[in-house]
Amino acid sequence: MYTLNVATTSHQYPIFIGSNLLESANHLLAPYFTNKIALISNETVAPLYLQQWEKILNHSGHEYFNIILPDGEKYKNWQTLNLIYDGLMQNRAERKTTIMALGGGVIGDMAGFAAATYQRGAPFIQIPTTLLSQVDSSVGGKTGINHPMGKNMIGAFYQPQAVFIDLNSLHTLPPREFSAGMAEVIKYAVLGDIEFLEWLESNIEALINQEPDVLAHAVHRCCQMKADIVAADEKESGVRALLNLGHTFGHAIEAEMGYGNWLHGEAVAAGTILACRLSEQLGYLHQDDTQRLIRLLSQVNLPVTPPKMSLEAWLMHMSHDKKVMDGNMRFVVLKQLGEATITDKVTTQNLAATLNQYIS
Ligand SMILES: NC(=O)c1ccc[n+]([C@@H]2O[C@H](COP(=O)([O-])OP(=O)(O)OC[C@H]3O[C@@H](n4cnc5c(N)ncnc54)[C@H](O)[C@@H]3O)[C@@H](O)[C@H]2O)c1
Ligand SMILES: O=C(O)C(=O)C[C@@H](O)[C@H](O)[C@H](O)COP(=O)(O)O
Ligand SMILES: [Zn+2]
């Protein structure tokens, strides 16, 4: 088992990572359980894992209740968020009631936002059950919901009390969702750790087969990188923006294609290749580097080309990106593989050349 510490200015908390971690749940989470607990999950994850958590809470003698939401990115919105508030009110949740998010990034982001806002802030614990949520979304405190015009447009920075990553939960994850998580894993390597990228290239088959040590190393490395970046810049005034590699393009794809039609990880994969092409345009990256990444993403069955969209749609979505500053779009680009940077020096010509083949 690994334990990491996330030390932000607002709060410090542990990330527990391991296989068979449920056996130790009571022991590890005891300091973070409060008298009453709201278990928030969805219609897919609850039948798989809720009972185990009910057993744990029964055993430790904590009062709990469940809120089960519909499943899918298309439900990451106000209506579904309201179902959480309704459940909290109906069950007389108090300010000290702990909200436990049991599921992927959609549940984590929504439950986290509910926790940030319910009675102006209730404690919450992340129990991520997808690869993507284990390596990325459960750590760092970005919470929120989508707006029809833009991803994660409404939300809050709100850190959890603890993150509990049981790698065994990935055994039931559909392959397409595992691949989506790999997009963020590869993102970490590409944005800041060339040795990790080389390691991924050498261990990709073992990772796809979920060999325990290999999987644990990958999850640990991503969480470590995220913990370090978030500790340095909790609210994205600087280095944290690098975690957005591929997301300016990716979020545009998700919103334009209809939330859930392209999985977040799939859109990030195609978006990362567009970020590479843009980096080539700026004279940073060589096309062989882009090809190297295309090979790796393809090995995990991720898309490496975006859908065709009108230029207006690309630009409209990208102009709503949260990195826009004083009306200027900013992009995360690669100086080389393993080294990302943010720039506002992207011209319309650069963008037109990057998107050229993908304009309908
Ligand atoms: N807050 C952040 O920092 C951050 C970072 C990255 C992504 N995100 C957000 O996370 C979301 C994507 O998260 P995701 O990829 O986990 O998607 P998701 O939450 O939709 O989960 C993917 C699918 O897998 C199912 N599932 C979850 N765990 C399972 C398991 N163990 N076995 C079987 N099925 C399981 C879910 O019900 C869902 O159908 C997006 O909304 C994205 O914007 C947030
Ligand atoms: O934690 C971060 O910071 C990230 O950017 C991680 C991303 O993988 C994640 O998709 C995040 O939700 C995107 O943030 P946003 O601010 O662009 O919505
Ligand atoms: Zn992401």
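Here, each number is a calculation from the coordinates, and none is a lab measurement. What you are looking at is a predicted structure, and each value in this text was computed from that prediction instead of being measured. No Cβ is skipped: glycine too gets one built from the backbone with ideal geometry, and neighbour counts run over all protein chains shown.
Helix 105-117: angle to the longest alpha-carbon principal axis of the chain, degrees 0 to 90, nearest 10?
Rounded to the nearest ten degrees, it is 60.
Treating the angle as unsigned and between 0 and 90°, give the value, to the nearest 10°, between the Cα long axis of helix 51-60 and the longest Cα principal axis of the chain.
It works out to around 50 degrees.
Which trypsin sites (Lys or Arg not before Pro) from region 68-128 combine a DSSP loop assignment with at most 10 other Cβ atoms within 10 Å? Each step should come with its number before you reach the end.
Numbers: sites: LYS74, LYS76, ARG92, ARG95, LYS96, ARG120; in loops: LYS76, ARG92, ARG95, LYS96.
Taking region 68-128 and a limit of 10 other Cβ atoms within 10 Å, the loop trypsin sites (Lys or Arg not before Pro) found are ARG92.
Taking the chain as the reference, fit the longest principal axis to its C-alpha atoms, fit the long axis of helix 212-232 to the helix C-alpha atoms, and give the angle between the two in degrees, 0 to 90, nearest 10.
For 212-232 against the chain, the angle is about 80 degrees.
How much length is gained on full extension from GLU211 to ASN5, taking 0.36 nm per residue of separation minus their Cα-Cα distance? The partial results should precede the final answer.
Values: separation 206, 0.36 × 206 = 74.16 nm, distance 2.48 nm.
Working it through step by step, the gained length comes to 71.7 nm.
Please order TRP314, TRP53, TRP78 by the number of other Cβ within 10 Å, starting at the fewest. Could you put the intermediate results ahead of the total?
Values: TRP314 25, TRP53 20, TRP78 10.
Ascending number of Cβ neighbours within 10 Å: TRP78, TRP53, TRP314.
When THR80, THR305, THR143 are ordered from fewest to most other Cβ atoms inside 10 Å of their Cβ, what list results?
Sorted ascending by nearby Cβ count, the order is THR305, THR80, THR143.
Say a paramagnetic label sat at a point 7 Å from the Cα of ILE359, along Cα to Cβ; which residues of region 292-314 have their backbone N under 18 Å from it?
Label zone hits: 306-314.
Subtracting the Cα-Cα distance from 0.36 nm times the residue separation, let me have the gained length for MET316 to ARG176 in nm, one decimal.
47.5 nm
Can you figure out the FRET efficiency of GLN12 with TRP78, using R₀ = 30 Å and their beta-carbon distance, to the nearest 0.05?
E between GLN12 and TRP78, to the nearest 0.05, is 0.40.
How much mean residue ellipticity at 222 nm does the chain get from its helices, if each DSSP H run of length 4 or more adds -39500 (n - 2.57) and you divide by all residues, to the nearest 500 deg cm²/dmol?
Counting only the DSSP helices, I get -13500 deg cm²/dmol.
Please state the charge dipole magnitude for region 132-245, taken about the Cα centre, from unit charges on C-beta atoms (+1 on K and R, -1 on D and E), reported in debye and rounded to the nearest 20.
560 debye
Counting other C-beta atoms within 10 Å, which of HIS286, HIS220 has the fewest, and how do the rest follow?
Ascending Cβ contact count within 10 Å gives the list HIS286, HIS220.
In straight Cα distance, which lysines are under 16 Å from LYS335, not counting same-chain residues fewer than 8 positions off?
LYS335 reaches LYS187, LYS345.
For the peptides 194-202, 247-255, what is the packing order when you average, over each peptide's residues, the other Cβ atoms within 10 Å and list the highest mean first?
Final packing ranking: 247-255, 194-202.
Which order do the peptides 14-27, 337-350 come out in when sorted by mean C-beta neighbours inside 10 angstrom, highest first?
Result, highest mean Cβ count within 10 Å first: 14-27, 337-350.
Region 342-360 to region 202-227: how many Å between their Cα centroids?
33 Å
State the Cα centre-to-centre distance between region 119-150 and region 56-110 in whole Å.
The two parts, judged by their Cα centres, are 12 Å apart.
Mind ordering 6-13, 237-244 by average Cβ neighbours within 10 Å, highest first?
Highest-to-lowest ranking by the protection proxy: 237-244, 6-13.
What distance in nm lies between label points placed 7 Å from Cα along the C-beta direction at ALA352 and GLU94?
The modelled label-to-label distance comes out at 6.4 nm.
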